[in-house]
Structures are given as structure tokens and as C-alpha cells.
1. Of the residues GLU102, GLU118, GLU51, only one is assigned to a helix (DSSP H, G or I) and in contact (Cβ under 8 Å) with a residue 60 or more places away in the chain; which?
2. If the requirement is being assigned to a helix (DSSP H, G or I) and free of Cβ contacts under 8 Å to residues at least 24 places away in the same chain, which of these qualifies: ARG38, ARG75?
3. So which pairs qualify, if the first residue must be in region 240-252 and under 16 Å from THR147 (Cα atoms) and small (Gly, Ala, Ser), the second must be modelled with pLDDT under 95 and part of a helix (DSSP H, G or I), the Cβ gap must be under 8 Å, and the two must be at least 6 apart or on different chains?
4. Return the only residue of VAL80, VAL90, VAL94 being closer than 20 Å to PHE237 by Cβ and outside any helix (DSSP H, G or I).
5. From the list ALA98, ALA27, which one is in contact with a helix residue (DSSP H, G or I) (Cβ under 7 Å, 6 or more places away or on another chain), crowded, with 17+ Cβ neighbours inside 10 Å, of a type in the set (Gly, Ala, Ser) and at pLDDT 90 or above?
6. How about region 163-202: which of its residues are touching a residue at least 24 places away in the same chain (Cβ under 8 Å) and either aromatic (Phe, Trp, Tyr) or in contact with a His (Cβ under 6 Å, 6 or more places away or on another chain) (or both)?
7. So for region 190-210 (the condition being in contact with a Leu (Cβ under 9 Å, 6 or more places away or on another chain), under 15 Å from MET96 (Cβ atoms) and buried (at least 24 other Cβ atoms within 10 Å of the Cβ)), does at least one residue qualify?
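The values are calculated or read from the model by the stated rules, or taken from the named source; none is laboratory data. Small disclaimer: the values here were computed from a predicted structure and weren't measured. So basically every Cβ, Gly included, is an ideal-geometry build from the backbone, and we count neighbours across all protein chains shown.
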Amino acid sequence: MTTGESAAPVAALRRREWGVIPWLGIALPRRRSLAVWRRNRDVFFQLWRTELVPPLLEPIIMFFALGLGLGTYVRLTGDVEYIAFLGPGVLASVPMLAAIFESVWGAYFRLDRHGTYEAILATPTRPEEVIAGEILWAATRGALNATMIFVVMLAMTPAYGLVRSPLAVLTIPATFGMGMLFAGMGLSYISRARSVSQLNYFFSLVIFPMFWFSGGFFPLDGLPGWAGTAAWFTPLFHAVELNRDLLTGDAGWATLGHAAWLAVVAVPSCWAGLWFLRRRLVH
């Protein structure tokens, strides 16, 4: 091997290590993160017919099957109809799944099967910028799904009263922040996954229990005290409660508490995604 050939990988490694903050273990992502985001956006628009139909049909099916079907047999305390109770849960859980699927299944195939990350890293793009672009794109997918669900809820509001306050529009940016949180979790996991089958464990042990026990589909008051306490520590619980306050207009200090909880947890979640996946990309 010639000197020039041996210097090439060394130079690439130094480029990737440049700018790493020792106490963070990562370099701060910069503008090339948006280029990665745009790359994913362009692929999405090429497949928009298949990508947009399921997010639009899913909430409609859930509202009719659960809200109007199962809801005829459900009686909640007070004068709350079950379909109105269900709305905040659908508006939080379905976008969560969109962000998770993008940052787990989509990102894993770009990492392990399609060689997408390897191709991007052959450019001056840093590993942190690849990962940050993925986080932003997963959050965008979640916000896009939330927007479509919100439109469906607005259409159903005259008949079922799903949206009761102008504050409801804030659920869209709130979903974007929630998407970043879940994207960080998903990318952290795929950094350790070595096969597609291992991705199922993340959904079975983490995502689906959180999906059902978030207070979005039934009140948690009837569960044992320990179950309600465990649910409080999950991000989706706070997302559902935040949506419920914004949709009904009953915003207060508790609403700010839910938003603060999500914002505080999103920071270490995104850092973990950057740190863990960077180690796999570089080493």
C-alpha cells in the first residue's frame, strides 16, 4: 500500500473526529443536516402516493371503529363522549408510530442494507449531521401525520366536538418536538441492532406497551397505582395529556408541565441517538 493510499482513511477519520466536544462525545451538527433532511424529503415525494394514503386512512378507521363503534359501549364519567376522549390519543400515538418507523425501520435499512449512510459519509458530511438529519426527518414525518389527523378531526368537529379551542393548532409543533424525542430513542436502538429481526423487540417491549398504556384509549384511573405511576414516566403519556389540554382549551400549569417534561427528555434522547449511532458509523 502506498503512502497516499494509507493516508486517505486516516484523513477521513480525522475529518470525522474534527469538532468533537470531549464532554459531549459528539460534534455539534451543522447545516449539512438539512441536506440529509432534504434527501429524505425528496425520496418521500417520489413515493407520496403510497406514503400519504395510510396516514390519512388510519385515523379515520380508528375514529370510526373505536370512537363510534366501541364508543357506543363505553361510558365515561362526566359528559365526555368516548370519541372526544379518543382524539388526543390518536393525535399523539399515530404520529409517534410514524416517527418511530422512520427512525427504526427506515434508518436501519439506510444504515445496513442500502448503503445510504456510507455514501453520504463519502462526502464532507459528518456522522452527526447524518444522524441529526434523520432526527429532523422523523420529526417531520410525525408532524405531517399529525397535520392530516388534525384535518380529519376538524372535519368531524361539527358533529362530535373533537376540537374545542384555537390552542389546538399548537399540537402540530408539539408533535414535531415529540417526534425528535422518539427519533432519538429509535436511532439509539438501531445502533445496537445487528439484524432486522431484532427491531421487533423494540416495538414489542417498548413502543406497543407505551401505545396502549398512555391514557389515550382508556382512562388510567382504573389501573393499579403502580401502573399509573409507570405510565407517567413514558413520553407518550405526557404527549396525550398535552394534546388533551390544547384540544379542549383547558390549558394551565399542568399543560406547561407536560410540555416541559417532553422538552427536557428530548434533549438526552437526541444526544443518545447522536452518540450511539455515531459510534457505529465511525467504528
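1. Step by step, each of GLU102, GLU118, GLU51 is checked, and only GLU102 is assigned to a helix (DSSP H, G or I) and in contact (Cβ under 8 Å) with a residue 60 or more places away in the chain.
2. Just one listed residue meets the conditions, ARG38.
3. As it stands, the answer is none, since no pair meets every condition given.
4. VAL80
5. ALA98
6. PHE176, PHE182, TYR189, PHE202
7. No: region 190-210 contains no residue that is in contact with a Leu (Cβ under 9 Å, 6 or more places away or on another chain), under 15 Å from MET96 (Cβ atoms) and buried (at least 24 other Cβ atoms within 10 Å of the Cβ).
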